[in-house]
Amino acid sequence: MTNQTVRGTKDLLFDEWYKFKYIQQIANRISSLYGFLPAQTPIFEYTEVFMKTLGDGSDIINKEMYTFYDKGGKSITLRPEFTAAIVRLLVEKKLQIPIKLFSTGPAFRYERPQKGRQRQFHQINFEVFGVENPKADIELISLAQHLLTKFNINKNVRLEINSLGDSETIAKYREVLIPYFKKFQNDLSEDSQNRLTKNPLRILDSKDEKDKLIISDAPKISDYYTRESLDFFEQVLNGLTALNIPCTVNSKLVRGLDYYCHTVFEFVIEDFGAQGAVFAGGRYDNLVSSVGGKYTPAIGFAGGIERIMELIDYSMKGDRPLCLVPIGKEAEEHALTLANELRRNGLYVIYEYNGALKNRMKKASQANAKAALIFGNEELGSKTLKIKNMDTGEEKVIAYGNMMENIHQTLLV
Ligand code: HAM
């Protein structure tokens with residue numbers, strides 16, 4: 001047996017776990033300010049759920065899915081993202097639209113692990129269904145920016161945005177893009193050659209240096225927008241300006257999944273290099289109908305919790321305990337009863353099962369206790385306790401009867 005985590009997965013301990021939960025809590029709270037409702041789907045789905053939606057030109061489908069047959073012979077896939085699963089939920093449960101759904105949890109992709117990229121990672125995921133109006137795009141991007149501000153990481157982040165237009169735009173653009181890339185077919189990287197017929201738009205996203213040279217002269221999608229597409233994009237850009245959200249239009253931003261149309265966006269962090277996005281998403285008006293649901297315009301984005309963790313300073317201040325210091329056998333016998341009472345009143349209490357006074361006080365300061373509660377035969381007899389503020393050294397005798405009030409007073413000093 002190897003005592004090691006699987007490559008690309010991580011244990012989360014103590015402060016890291018607090019940080020992780022903090023990110024989920026903030027996302028949850030902000031999601032509710034914008035009217036999102038919580039939705040959790042299972043971690044695995046029938047493989048079809050992803051096969052039918054993410055597109056056979058996507059890296060996820062081609063090389064990254066954790067797919068296996070269960071004991072009943074059904075093909076099952078660990079979710080590589082939430083959107084496809086949430087669409088499955090919307091259609092299966094016939095949810096009333098418009099609706100906004102927030103989810104969080106693990107996702108799985110067989111990628112080469114590196115900083116900010118894991119095989120089991122976690123997302124916070126936001127989807128808005130049933131709104132055609134570009135205001136939904138603006139509001140969602142503003143939510144993403146709100147989150148970044150809350151995490152205090154908005155300074156190093158750049159919002160890149162593009163529009164893929166409607167189906168007509170994409171079809172017209174493909175017609176010019178394919179012949180353009182075909183001229184350079186032999187010079188393109190192997191990945192890009194494979195994409196040439198399946199999804200030529202994805203070539204624009206290539207990180208290969210030779211591809212980049214070819215891409216720099218490629219036709220631009222903005223020259224092929226229909227009037228409606230251009231109008232939609234302009235409304236989104238104007239709306240962002242009105243909200244003071246700076247962005248850069250990147251005409252090569254196409255995103256790695258096939259379901260997008262109109263608005264696509266990424267909040268990019270320079271530090272992360274090639275996989276620089278902390279939040280990413282876009283519009284996918286035709287996805288729900290393509291899996292058998294009613295026509296439902298939709299837009300969403302997801303953020304990687306591990307990437308946010310890399311970027312935020314968060315130190316758990318950690319509750320400081322109250323340390324019990326019993327002196328003598330009788331007091332030691334009484335310590336558990338007292339600890340029980342205090343804990344049931346909501347206090348964080350520690351104590352050693354045995355030991356001399358000096359050692360116990362040493363342990364109290366090592367544990368950064370806020371106060372020590374000292375009691376021996378004398379205190380037991382007079383139904384009192386001695387409370388010592390560990391920061392000021394000040395000692396006070398308090399009555400057992402109103403100890404909670406006195407402890408709170410001491411702890412607040
Ligand atoms: P995505 O760009 O594949 O989009 O992932 C969204 C975010 O998840 C990324 O920006 C990144 O922060 C995080 N992420 C992705 N892969 C990894 C990884 N291997 N390790 C760590 N973090 C990662 C989607 O997943 C779409 N479903 C987003 C969306 C929602 N579009 C519409 N609605």
Quiz item: So, of the residues in region 103-114 that are open to solvent by 10 Å² or more (accessible area, probe 1.4 Å) and within 11 Å of the ligand (Cβ to nearest atom), which turns out to be nearest to PRO42 (Cα to Cα)?
Solution: PRO106
Quiz item: Residue check: is PHE44 modelled with pLDDT of 95 or more and open to solvent by less than 100 Å² (accessible area, probe 1.4 Å)?
Solution: no
Practice problem: Select from region 222-258 the residues that are modelled with pLDDT of 95 or more and β-branched (Val, Ile, Thr) and list them in ascending order. | Solution: THR226, VAL236, THR241, ILE245, THR248, VAL249
Quiz item: Would region 362-371 turn up any residue that is of a type in the set (S, T, N, Q), assigned to a loop (DSSP other than H, G, I, E, B) and open to solvent by 40 Å² or more (accessible area, probe 1.4 Å)?
Solution: yes
Self-check item: Restricting region 57-98 to residues that are assigned to a strand (DSSP E or B) and free of Cβ contacts under 8 Å to residues at least 40 places away in the same chain, the residue that is nearest to the ligand (Cβ to nearest atom)
Solution: LEU78
Quiz item: Just checking, how many residues over region 166-185 are without any contact (Cβ under 8 Å) to a residue 40 or more places away in the chain and either under 17 Å from LYS210 (Cα atoms) or in contact with a helix residue (DSSP H, G or I) (Cβ under 7 Å, 6 or more places away or on another chain) (or both)?
Solution: 8
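Let's see how each residue does on (1) surrounded by fewer than 21 Cβ atoms within 10 Å (Cβ to Cβ); (2) outside any loop (DSSP other than H, G, I, E, B):
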| position | (1), (2) |
| --- | --- |
| HIS146 | yes, yes |
| THR149 | yes, yes |
| ASN152 | yes, no |
| GLU160 | yes, yes |
| SER192 | no, yes |
| LEU196 | yes, yes |
Quiz item: Where in region 233-347 are there strands (runs of 3 or more DSSP E), lying wholly inside it, with at least 2 residues that are surrounded by fewer than 18 Cβ atoms within 10 Å (Cβ to Cβ)?
Solution: none
Practice problem: Scan region 198-220 and report the pairs whose first residue is open to solvent by 20 Å² or more (accessible area, probe 1.4 Å) and whose second residue is of a type in the set (Ser, Thr, Tyr) and not in a helix (DSSP H, G or I), with Cβ atoms within less than 6 Å and a gap of 6+ or a chain change. | Solution: ASP208/SER189; LYS220/SER251
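The values are calculated or read from the model by the stated rules, or taken from the named source; none is laboratory data. For clarity, every value in this text was computed on a predicted model and none was experimentally measured. Neighbour counts are summed over all protein chains in view; Cβ atoms, including those assigned to glycine, are modelled from backbone coordinates with ideal geometry. Quick note on the areas: whole protein, heavy atoms, side chains included, nothing else; ligands and nucleic acids left out. Shrake-Rupley method; radii C 1.70, N 1.55, O 1.52, S 1.80 Å.
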